[in-house]
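Below is one structure, written out as structure tokens, with a few remarks after it.
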Amino acid sequence: MQDVYDYYFRLSKKLGYETYDYLPAEDKKVEYPFVYIGNTQEVPNQTKTNLTGSVVLSIDCWGTPKQRLIISEMVERFFNASIGRVHTENYLFYGNAQQQSKQIQLDTSVPNSTLVRGMVTIELQIL
């Protein structure tokens, strides 16, 4: 759902993070840390009069091993912003803490590099 994507993209920019809607190519020089607002999935549940269900969004925070604390703080901000009522431009959502997940791992997918990747998976119920 584009509303949720746009909401978190704007939130990331508001928090002062360099934010991308794609994962920058290896040859593109980017400053770390940065945020990649990733995949969205809508799990609809239609009733006769309402659209219900949920929206799932993935957010990745990337940095160097020396920025592990910063990545952890970034992950926490997105996680906490997903608990309770979330008002987008057109919808109202609710996020339960148990429906959100976060993970931090070392990533060696870029040749000759070790990066820290913080992953947040957000699931919001459509109200």
Report summary line: For the chain, longest principal axis from Cα atoms; helix 68-80 axis from its Cα atoms; angle between them, nearest 10 degrees, is 10
Query raised in the report: How high is the relative contact order of the chain, in percent, with contacts defined as C-alpha pairs under 8 Å that are six or more residues apart?
Result: 25
Report summary line: Largest fluctuation, LYS14, LYS29, LYS102 only, Gaussian network model of the chain with Cα springs under 10 angstrom, belongs to LYS29
Query - Matching label, log10 I(q)/I(0) by the Debye sum over Cα atoms at q = 0.13 Å⁻¹ computed from the structure shown, candidates (i) -0.63; (ii) -1.08; (iii) -0.53 - result: (iii)
Query raised in the report: In terms of modelled amide H atoms, which long-range or inter-chain residues lie less than 5 Å from the amide H of THR19?
Result: VAL35
Report summary line: Given pairs LYS13/LYS66; LYS48/LYS102; LYS13/LYS48 and cut-off 26 Å on Cα-Cα distance, the over-length ones are LYS48/LYS102; LYS13/LYS48
**Report entry** Per-residue HN-Hα couplings for region 55-62 [Karplus 6.51, -1.76, 1.60; θ = phi - 60°; Hz; x = Gly/Pro]
**Finding:** 10, 10, 10, 10, 10, 10, 10, 10
Query raised in the report: Against the longest principal axis of the chain, how steep is helix 2-14, in degrees 0 to 90 to the nearest 10, with axes from Cα atoms?
Result: 40
Requested in this report: Using +1 at the Cβ of each Lys and Arg and -1 at the Cβ of each Asp and Glu in region 1-100, identify which of TYR20, PHE79, TRP62 lies farthest towards the dipole's positive end.
Outcome: PHE79
Query raised in the report: How much area per residue is accessible in the chain when the probe is 1.4 Å and only protein heavy atoms are counted (Å²)?
Result: 59
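The values are calculated or read from the model by the stated rules, or taken from the named source; none is laboratory data. What you see is a predicted model; the values in this text were computed from it and never measured. Every residue, glycine as well, gets a Cβ built from its backbone with ideal geometry; the counts of neighbours run over all protein chains shown. All accessible areas refer to the heavy atoms of the entire protein, side chains included, with ligands and DNA or RNA removed. Shrake-Rupley method; radii C 1.70, N 1.55, O 1.52, S 1.80 Å.
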